[in-house]
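Okay, structure first, notes after.
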Amino acid sequence: MTKLGVNVDHVATLRQARKTYEPDPVTAALLAEQGGADVITVHLREDRRHVQERDLRLLKETVFTKLNLEMSTASDIVEIAISTRPHQVTLVPERRQEVTTEGGLDVVLQKETLKDLIKRLKDNGILVSLFIDPEAGQIRGSSEAGAELVELHTGAYANAPSEGLRLAQLARLRQGALLAREEGLRVNAGHGLNYHNVGPIVEELGAEELHIGHSIVSRAVFVGIKRAVEEMKELIYRHGLLVERTTQKG
Ligand code: PXP
């Protein structure tokens, strides 16, 4: 069954709006776990716009499911990752001007650098995932660079302006997931997923983990984070059951 990774960055975004102590993303992570989160994700950005090193340190001590650190390949961030040792690192491209992570990582362009970095992270006992667009070249490049996992970027699917384009993006993701598995990679997915569009992704991709942030934290403002996570888990579970029933019939 597909697992849910909850990204609590935006709890820290709210805290940083006042540079105060609340709301605390560490508390949010604990409550998200109580709601059924299987993974807690934070992105320690180079500009520290939301998550701070203090959050990462405390999360490493308190998360009892799995801690996934999203990060760029910047050397000071790599050192922090190695000294903190989250269970998993997801390498993402990062630009200071962007509102959120935009495209996937260009693995093809930086394959040699990534190879060394991935080896170093793995040698330190950290699982390495690469956040990439569902393109054949990037998928093969990820496998050649030594990654164990890829997170397929679902942003183009989530933001498709029409039903036809959305279905085309879904087919692209499905093909990408198949190819990734042929290449020996495990498959996660995320970005832009919400309560309305997550179902087909669960049904079509068979991803191990879906990483979801903005929609869950937004819903949490109204219903609380534990309930917001429970509702997303329930959706993933129901759509997952459909897949299991179809597979059993087939
Ligand atoms: N996966 C990755 C690699 C991301 O960078 C983000 C955004 O931080 C997400 C998933 C979650 O995206 P969203 O906030 O749109 O759910």
Under a 5 Å amide H to amide H cut-off, with H placed in plane at 1.01 Å, what residues pair with R186 once short-range neighbours are removed? L149, V150
Arranged from highest to lowest average of other beta-carbon atoms within 10 Å per residue, in what order do the peptides 48-61, 224-237 appear? 224-237, 48-61
Would any residue of region 202-216 have its amide N under 20 Å from a label point 7 Å out along Cα→Cβ of A17? List them or say none. 213-216
The ³J(HN,Hα) series, computed from each phi in region 34-45 with the Karplus coefficients 6.51, -1.76 and 1.60 at θ = phi - 60°, rounded to the nearest Hz and given as x for glycine or proline, is 5, x, x, 4, 9, 9, 10, 10, 9, 10, 8, 7
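For the chain, what is the calculated [θ] at 222 nm in deg cm²/dmol (nearest 500), taking -39500 (n - 2.57) for each run of four or more DSSP H residues and dividing by its residue count?
-16000 deg cm²/dmol
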Any of K66/K111; K60/K122; K19/K122; K119/K233; K115/K233 with alpha carbons more than 23 Å apart? Name them for me. K66/K111; K19/K122; K119/K233; K115/K233
For the peptides 156-164, 130-138, what is the packing order when you average, over each peptide's residues, the other Cβ atoms within 10 Å and list the highest mean first? 130-138, 156-164
For K3, list long-range residues whose amide hydrogen, built 1.01 Å from N in the peptide plane, is under 5 Å from its own amide hydrogen. E209, L210
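Quick note: the coordinates plus some simple rules give every number you see, no bench work behind them. Keep in mind it's a predicted model, so treat the numbers as computed, not measured. Cβ atoms come from the backbone with ideal geometry, glycine included; neighbour counts cover every protein chain shown.
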